[in-house]
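Chemist: This is the structure I want to talk about, given as structure tokens.
Please treat every number below as a calculation from the coordinates, not as lab data. The structure displayed is predicted, hence computed values, not measured ones. Don't worry about glycine lacking a Cβ; one is built from the backbone with ideal geometry, like all the others, and counts go over all protein chains shown.
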Amino acid sequence: MKSVWKYIKAAIVILVFTGAILLVLNMTILTQKDYQKIFEDQAQQQLMMTAQSTSRSLEEFITMQKNVLKSFATDPVLLKIDSHTDYVQLEIRYKELEGGIGGFYIISPEGVVTHRYPHKNRVGKDFSNKPGVAAVLKTHKPYVSELFFSDSGKPCFTVLEPIIDNGKFLGILRALTYVDTLHEKFLEPLKIGNNGYAWVVGRDQKMILHPQYDYIGKPIEHLMGKASGATGKEEITDIVYRMANGEEGGGIYSSRWLVDNVSEHTRELTAYSPARLGNQIWSVAVSMNYAEILTPIKAQTRKTFILATVMVTLFVLVGLIIVGKQQKEAILKKEADNYRKLSEATEALRLSEEKLVRSQKMESLGLLAGGVAHDLNNVLSGIVSYPELLLLNLPENSEYRTPIETIRTSGLRASAIVQDLLTVARGVAIAKEPLSLNEQVNSYLESPEFEKLAQFHPAVSYETDLDSNLLNTNGSPIHVRKVIMNLVSNASEAIRGRGRVKITTTNQYIDKTQKGYDHINEGEFTVLSVSDDGPGIPPDDLERMFEPFYTKKVMGRSGTGLGLAVVWNIVKDHKGYIDVVSSESGTTFKLFFPATREEIIDKDETTALEELRGKGETILIIDDVETQLEISSEMLENLGYKTKKVKSGEEAINYLANHAVDLILLDMIMEPGMSGKETYEGIVALHPNQKAILVSGFAETTDVSETQRLGAGKFIKKPFTISQIGLAVKEELYN
């Protein structure tokens, strides 16, 4: 009987052990699937971050080329290059591109090369059929060409910018870049797993960049054809289709479709992100072998299985079920800690990328600031406009009038601050008018800001020497005053102990180009000088002092690093120049503003609202922001107009297909859907000569100018007051 019981117990132990092993195997398989999903998601995220970062870098590289070409195309110096041997300006612009291009061309309106730098062997050649040249000759618009092969057999592309002076097409600037340059700059430095790589596809589904050089320029369909009979064609076809259409995403495909010199069938995990280059869309894909994800999972699974088997054996022998549970909890805790560390590493990478973005040049700052300008001004519209509407219905002696006026004034100041900050990005619409630098200097010296500065620096004296016969200049009073304030503040802080700051104005005629801190072209200027007798600026700081965020002051206490960057960009927006002379005995900033003989306009800011009232005309308001629709509608209805509101260009066109209005108030930037220019094109197709006023919180762009050429009227910047919109509507309807 004991012997039978012994066998029964042994059988029970074997059954329990077998059941436990089966249970552990099942749990291990489930755990492996969980691990695989987690690791796959983490790898996909990291690939997407790399693809997005590389796409942005490509966009910034091409944007830098376009900005240099655009700057050169609008430079009066370019128009004076009339000799085939005049290469000085081309050399200067070529160096601005830091060797990032293979050739710099000037092409005549007939498509013939007149200049080429650094090589001159193509001068006189007909380039009218070269990629991109024909398009620019036809449209007179900037263009990024498709990939093509140079005469030497190298894959390359070109960035082209039309040269237009006073509406006349004078030719093309063309920058040629070899694909090798992009590979060295953006793909070669990438480290993607053990065998991962990046590749770039164009909108025409042709390979633009790839580690295997012979793939470049070939259609993806051609590369897939080399692997006929392999599975997975639909996968890569779908991914390439989405890439060519500018989508962002990821997926898994068979690497044999891209003939990656592998003998066995492998799988690739990929993420892709578009780089938008104007008329072209390139898509950057980052891929890695899926097996690299599975290797650590399999290793971890083996460890888990072995450990679990030991735990089950101990459980069968000594019945320590609790120990096994604790061991499993310890493993899970360890894995959670590993995932936490991985998340922390991902977060550290994100913070590092943010730091890199903050250190970009002025163009990058322009992209960042310009992208939010429209929405910021829409928000400020409510703070500026609603108080104005409330004041219309309040009695003069109301106790609420003063606080409401304070809110309105604060909103206007906030709007001015936004515009001032955006000046660094050179993406804000700055209205200019004839002004006197003398008046701006005197206005600042009488301001509370200067009084506070003088109190803070009691040992500094301030002197002026203003030319009584000073010519006017076209400029923005608020921005010119900001320049004066920043320079006087910097000069005051530069003085150690007692000292003097002197502000001078004078007229000056430059009869030939001068090279100081800045290149000053010939012309008639009004010059503003701010001098101090401080210890001077070190040479190293002179080179970088106009960079954004570069400062020797204590951040948060005496400086932000934006003061001189604001000065630089305001002067450049006014088509002016800056010269700086510094020594141990002091520093002088000289600002050259183009002179004008236009008289200063007397502003009548007391226009009665009664004079602005309408006669019941109907105005269609088109804006994608609900609050802006309500603000504009209330303002216009208070002025006696009837209004109709729509939230998109599509709605506006549908409405006007069956109705007519006296005027439309059209926002130039609406997302998603049709832009302001596209909307007006559709409207004038239905109602030729339709009167319109254009509004935006961003710059007065080429879209605004082109829309006005189609027949639209005045452009006003958000946030606007009831007087501004009333006067604009009155002028458009009756003048």
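Chemist: Principal axis lengths of the range 175-221 from Cα atoms, whole Å, largest first?
Modeler: The Cα atoms of the range 175-221 stretch 30, 29, 18 Å along their principal axes.
Chemist: Local charge sum around residue 522 (other residues, Cβ-Cβ under 13 Å, Lys/Arg +1, Asp/Glu -1)?
Modeler: Details: positive: 80, 512, 515; negative: 511, 524.
Neighbour charge sum, excluding residue 522 itself: +1.
Chemist: Per-residue HN-Hα couplings for the range 277-282, Karplus 6.51 cos²θ - 1.76 cosθ + 1.60 at θ = phi - 60°, whole Hz, x for Gly and Pro?
Modeler: 10, x, 7, 10, 10, 9
Chemist: If you don't mind, another one. A 28 angstrom limit on the alpha carbon distance is what I want to check against. Which of 70/645; 615/717; 647/714 exceed it?
Modeler: From the list (70/645; 615/717; 647/714), the Cα-Cα distance tops 28 Å for 70/645.
Chemist: Cross-link candidates for residue 718: which aspartates and glutamates have Cα within less than 15 Å, leaving aside residues fewer than 8 places away along the same chain?
Modeler: Reachable aspartates and glutamates: 375, 388, 420, 623, 624, 626, 630, 667, 700.
Chemist: Between residue 710 and residue 204, what's the calculated FRET efficiency when r is the beta-carbon distance and R0 is 25 Å? Round to 0.05.
Modeler: For residue 710 and residue 204, the calculated efficiency is 0.20.
Chemist: Something else: For the pair residue 511/residue 627, report the inter-label distance in nm, with labels modelled 7 Å from Cα in the Cβ direction.
Modeler: 5.8 nm
Chemist: Per residue of the range 502-508, in order, report the coupling 6.51 cos²θ - 1.76 cosθ + 1.60 (Karplus, θ = phi - 60°) as ³J(HN,Hα) in whole Hz, putting x for Gly and Pro.
Modeler: For the range 502-508, the Karplus curve yields 10, 10, 10, 10, 6, 8, 8 Hz.
Chemist: Within the set of other residues whose C-beta is less than 10 Å from the C-beta of residue 580, count the net charge using Lys and Arg as +1 and Asp and Glu as -1.
Modeler: Summing Lys and Arg as +1 and Asp and Glu as -1 gives -1.
Chemist: Okay, moving on. What percent of all Cα-Cα pairs in the range 105-172 falls in each 5 Å bin, counting up from 0?
Modeler: 4, 18, 27, 28, 16, 6, 2, 0
Chemist: A further question follows. In terms of the Cα gyration tensor, with a ≥ b ≥ c the square roots of its eigenvalues, is the range 660-735 rounded because a/c is under 1.5, prolate because a/b exceeds b/c, or oblate?
Modeler: Verdict is oblate for the range 660-735.
Chemist: Rank these for me by crowding, 214, 662, going from fewest to most other beta carbons within 10 Å.
Modeler: Lowest to highest Cβ neighbour count: 214, 662.
Chemist: Report, by chain and number, residues whose modeled amide H sits under 5 Å from the one on residue 621, excluding near sequence neighbours (fewer than 5 apart, same chain).
Modeler: 644, 645, 646, 665
Chemist: Between residue 615 and residue 401, what FRET efficiency comes out of the Förster formula 1/(1 + (r/R0)^6) with R0 = 35 Å and r the beta carbon distance, rounded to 0.05?
Modeler: Efficiency, from the Cβ-Cβ distance: 0.75.
Chemist: In terms of modelled amide H atoms, which long-range or inter-chain residues lie less than 5 Å from the amide H of residue 193?
Modeler: For residue 193, whose amide H was placed from the backbone, there are no distant partners under 5 Å.
Chemist: Between residue 650 and residue 724, what FRET efficiency follows from the Cβ-Cβ distance if R0 is 45 Å, with the result rounded to 0.05?
Modeler: Taking R0 as 45 Å, the efficiency between residue 650 and residue 724 is 0.95.
Chemist: Mind running the shape call on the range 609-734? Use the C-alpha gyration tensor, a ≥ b ≥ c as the square roots of the eigenvalues: rounded below 1.5 for a/c, prolate if a/b tops b/c, oblate otherwise.
Modeler: rounded
Chemist: Considering amide H positions built from the backbone, and no H for Pro or chain starts, which residues 5 or more places from residue 282, or on another chain, come under 5 Å of its amide H?
Modeler: Amide H to amide H, under 5 Å and 5 or more residues apart or across chains, residue 282 pairs with 275, 277.
Chemist: What ³J(HN,Hα) values, in whole Hz, does the Karplus curve 6.51 cos²θ - 1.76 cosθ + 1.60 give for the range 216-221 when θ = phi - 60°, with x put for Gly and Pro?
Modeler: Going residue by residue, I get 5, x, 8, x, 4, 4 Hz, with x marking Gly and Pro.
Chemist: Here's another thing I want to ask about it. In nm, give the distance between the simple-model label positions of residue 596 and residue 542, each being 7 Å from the Cα along the Cα-to-Cβ direction.
Modeler: Result: 3.4 nm between the two label points.
Chemist: Residue separation times 0.36 nm, minus the C-alpha to C-alpha distance between residue 170 and residue 451: what's the value?
Modeler: Here the segment from residue 170 to residue 451 would lengthen by 96.0 nm.
Chemist: How long is the gain from residue 214 to residue 75 if the chain were fully straight, where each residue apart is worth 0.36 nm and the alpha carbon distance is subtracted? Don't jump to the answer; show the numbers that get you there.
Modeler: Values: separation 139, 0.36 × 139 = 50.04 nm, distance 4.05 nm.
Stretched out fully, the residue 214 to residue 75 stretch lengthens by 46.0 nm.
Chemist: Within straight cross-link reach of residue 206, meaning Cα distance under 15 Å, which aspartates and glutamates are found once same-chain residues fewer than 8 apart are removed?
Modeler: Within reach: 146, 214, 221, 238.
Chemist: Quick check on my link table: of 37/218; 95/575; 138/432, which ones sit more than 24 Å apart, alpha carbon to alpha carbon?
Modeler: 37/218; 138/432, as the Cα separations exceed 24 Å there.
Chemist: Label residue 581 and residue 394 with points 7 Å out from Cα along Cα→Cβ: what is the distance between them in nm?
Modeler: About 5.4 nm separates the two model spin labels.
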